[in-house]
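Asker: Okay, handing you the structure first.
The values are calculated or read from the model by the stated rules, or taken from the named source; none is laboratory data. Just so it is clear, the model here is predicted, and its values are computed rather than measured. Heads up, the Cβs are rebuilt from the backbone with ideal geometry, glycines too, and the neighbour counts pull from every protein chain shown.
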Amino acid sequence: MASELPARAQTGAELFVKALENEGVRYIFAVPGEENLDLLEALRTSSIQLVLNRHEQAAGFMAATYGRLTGRVGVCLSTLGPGATNLVTAAAYAQLGGMPMMMISGQKPIKSSKQGLFQILDVVDLMRPLTKYTRQISNANTIPAKVREAFRLASEERPGAVHLELPEDIASEHPEPDTHIFEPSDARRPSASEKSLEMACDMLRKARHPLIMIGAGANRKRVSQALIHLVNVTGIPFFTTQMGKGVVDERHPRYLGNAALSAGDFVHCAIDHADLVINVGHDVVEKPPFFMKAGGKQVIHVNFSGADVDPVYFPQHEVVGDIANSVEYMAEHCGHCASHDFSWFMDVKAAVDRHLKDRSDDDRFPVIPQRIVSDVRRVMPEDGIIALDNGMYKLWFARNYPAYDNNTVLLDNALASMGAGLPSAMMSAMLYPHLKVMAVCGDGGFMMNSQEMETAVRLNLNLVVLVIDDSAYGMIKWKQRQEGFEDFGLDYRNPDFVKYAESYGATGHRIARTEDLRPTLERALAEGGVHLVDIPVDYSENRRVFDEELADLTCRL
């Protein structure tokens, strides 16, 4: 009788995948190479879904957005050399945006060289300034510890990007039989000290015109609920940064607006009037909505970590700890103060509300931004998600599009990379197939990762891609004109976007009349599948509103 064959020892790649499964990984977004083949084979029989992308940058954007939306670590995979360098922008996107993401890159064998220095870069050092943690795995026995440490650091406040390099020979190596996987720890975020919270309450009671600022770090469900409680109890008006949109329903009577512009908007009049700003969840990585000056207004920094001192940001008091707990304490203990005067803020709000309605029904063609934003808001349900790329339209949507819940307006004002809108929307559609999702892209940003339309169609996503078409890098043209330079060097020609969408198996629509925009978007959202809507835009409103009208209107306040 033949003896039984001994059980095959697991490889380093299989151990790596088991460690990822142990961390609860659902997806890996990837453009694999030959150095990843052992890992690919291990994934073939795992519970993790491999999502094949068409460019590593898009894979990284999707992994980062997974982290942003779920709070869990998103994972992406590339080969060595050019595959790893293509992840660099996504690494910076996650790191600056506070999104937990892990990158895995392959590498040639490190114990014996097969091809000299072909494609060899020091990827670990390349990733060092862009990540919280970057390591090469040089022994299969250390895989579980390095995976656990990478996930811990990626998730820990402030979240960000981590990177592990898995060389080809370590992936095929057999770890020791007693190598074990580390269970994730249940670490709780510490609460701020009662003394610091009482000091914040004391500052709030003494202030005459306090104002609440909501930033990206507040974009969590528990923080949203605590902030609503604080605003309702104290009556303090609030405004948001671009990445803080939707943390509190922007239909709230105390919402003043979004700090989309650098200066000169209505919101900045309110900030100038305030004598105390309670900054919840904002740090200077996200573009500052105001600059502090010596002897000026006081600022309370409420965040998971201490403030990075900067020439334009040096808060007088810091409340460091779990944001939701801190805000809830302030709501329970700071109380309503009769000496507070919010009348000026309410005048600002009235002016903002009037201004944002202006020309929202304008019928001219090409379509002006106010009408585009208005029609998108009308067709999107309250829980619908829009994912914005980076361009001129982002300012219009940040200002004019009211968000009703957190993470329903996905935009990036930290790295502010073009090319992220479509992958971010794709990730949203994968996670929430029951929700309506729309990518809002300029023609420039769309074309930077437009090849992912094939991925979206292959994944059977329900997604509308609105391409705002001015055949130019529109924001830079606006800035060019602001600086008094001649119009030069920023125009280009686009493909036929309808045919382009159809070539991928998506449905293409071209808007030829302004009145067709809203019904076209409604049909596309209702039909399901992947739709692209090409809309010509008239950006002459940039100069009229932002450079001329606002300067006149805000001076009257």
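Asker: Among the numbered conditions (1) part of a loop (DSSP other than H, G, I, E, B); (2) modelled with pLDDT of 95 or more, tell me where residue 412 comes up short.
Answerer: (2)
Asker: Report yes if residue 279 is within 22 Å of residue 196 (Cα to Cα), of a type in the set (S, T, N, Q) and in contact with a Phe, Trp or Tyr (Cβ under 9 Å, 6 or more places away or on another chain), otherwise no. Quick ask: steps written out before the conclusion?
Answerer: Values: within 22 Å of residue 196 (Cα to Cα): yes; of a type in the set (S, T, N, Q): yes; in contact with a Phe, Trp or Tyr (Cβ under 9 Å, 6 or more places away or on another chain): yes.
Taking the combined requirement at face value, the residue satisfies it.
Results for (1) among the charged types (D, E, K, R); (2) over 17 Å from residue 389 (Cβ atoms); (3) outside the structural domain of residue 456 (by TED's automatic domain parsing), shown as yes or no for each residue.
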| residue | (1), (2), (3) |
| --- | --- |
| 487 | yes, yes, no |
| 491 | yes, yes, no |
| 504 | no, yes, no |
| 507 | no, yes, no |
| 516 | yes, yes, no |
| 522 | yes, yes, no |
| 531 | no, no, no |
| 534 | yes, no, no |
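Asker: Residue under question is residue 46, and the condition is that it be surrounded by fewer than 24 Cβ atoms within 10 Å (Cβ to Cβ), outside the structural domain of residue 457 (by TED's automatic domain parsing), assigned to a loop (DSSP other than H, G, I, E, B) and at pLDDT 95 or above; does it hold? Walk me through how you get there before you give the answer.
Answerer: Numbers: surrounded by fewer than 24 Cβ atoms within 10 Å (Cβ to Cβ): yes; outside the structural domain of residue 457 (by TED's automatic domain parsing): yes; assigned to a loop (DSSP other than H, G, I, E, B): yes; at pLDDT 95 or above: yes.
The answer is yes for residue 46.
Asker: Name the residue that is modelled with the lowest pLDDT, counting only residues in the range 536-557 that are closer than 19 Å to residue 268 by Cα and either among the basic types (Lys, Arg) or in contact with a strand residue (DSSP E or B) (Cβ under 6 Å, 6 or more places away or on another chain) (or both). Walk me through it before giving the result.
Answerer: Taking the range 536-557 as the starting set, the residues that turn out to be closer than 19 Å to residue 268 by Cα are 542-557.
Now restrict to residues that are either among the basic types (Lys, Arg) or in contact with a strand residue (DSSP E or B) (Cβ under 6 Å, 6 or more places away or on another chain) (or both): 543-544, 556.
Working: 543: 91, 544: 91, 556: 68.
This residue is 556.
Asker: Within the group 383, 362, which residue is farther than 15 Å from residue 270 by Cβ, more than 23 Å from the chain's Cα centre (by Cα) and part of a loop (DSSP other than H, G, I, E, B)? First the steps, then the outcome.
Answerer: Numbers: 383 fails: more than 23 Å from the chain's Cα centre (by Cα).
Result: 362 is the single residue among 383, 362 that is farther than 15 Å from residue 270 by Cβ, more than 23 Å from the chain's Cα centre (by Cα) and part of a loop (DSSP other than H, G, I, E, B).
Asker: Given (1) free of Cβ contacts under 8 Å to residues at least 60 places away in the same chain; (2) within 21 Å of residue 419 (Cβ to Cβ); (3) assigned to a helix (DSSP H, G or I), identify the lone condition not met by residue 29.
Answerer: Unmet condition: (3).
Asker: Report, by residue number, each residue of the range 91-105 that is within 16 Å of residue 287 (Cβ to Cβ) and not hydroxyl-bearing (Ser, Thr, Tyr). Reasoning before the result, please.
Answerer: Pass one, the range 91-105, residues within 16 Å of residue 287 (Cβ to Cβ): 92-93, 95-98.
Selection gives 92, 95, 96, 97, 98.
Asker: Filter the range 529-557 down to residues that are touching a His at 6+ places or on another chain (Cβ under 9 Å) and assigned to a helix (DSSP H, G or I), then give me how many there are.
Answerer: 5
Asker: Specify which of the listed residues (459, 415) is surrounded by fewer than 23 Cβ atoms within 10 Å (Cβ to Cβ) and more than 17 Å from the chain's Cα centre (by Cα).
Answerer: On the way: 415 fails: more than 17 Å from the chain's Cα centre (by Cα).
Of 459, 415, the one residue that is surrounded by fewer than 23 Cβ atoms within 10 Å (Cβ to Cβ) and more than 17 Å from the chain's Cα centre (by Cα) is 459.
Asker: While we're here: Inside the range 76-194, counting only strands (runs of 3 or more DSSP E) that do not spill past its ends, which hold 1 or more residues that are crowded, with 19+ Cβ neighbours inside 10 Å, of a type outside the set (Gly, Ala, Ser) and in contact (Cβ under 8 Å) with a residue 40 or more places away in the chain? Spell out the reasoning first.
Answerer: Numbers: elements: 101-107, 133-136, 161-167.
The strands (runs of 3 or more DSSP E) meeting that bar are 101-107, 161-167.
Yes or no, residue by residue, for (1) surrounded by 16 or more Cβ atoms within 10 Å (Cβ to Cβ); (2) more than 30 Å from residue 434 (Cβ to Cβ); (3) charged (D, E, K, R):
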{"position": "476", "(1), (2), (3)": "no, yes, no"}
{"position": "484", "(1), (2), (3)": "no, yes, no"}
{"position": "487", "(1), (2), (3)": "no, yes, yes"}
{"position": "491", "(1), (2), (3)": "no, yes, yes"}
{"position": "505", "(1), (2), (3)": "no, no, no"}
{"position": "537", "(1), (2), (3)": "yes, yes, no"}
{"position": "547", "(1), (2), (3)": "no, yes, yes"}
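Asker: Taking residue 248 as meeting all but one of (1) free of Cβ contacts under 8 Å to residues at least 60 places away in the same chain; (2) more than 19 Å from residue 342 (Cβ to Cβ), write down the number of the exception.
Answerer: (2)
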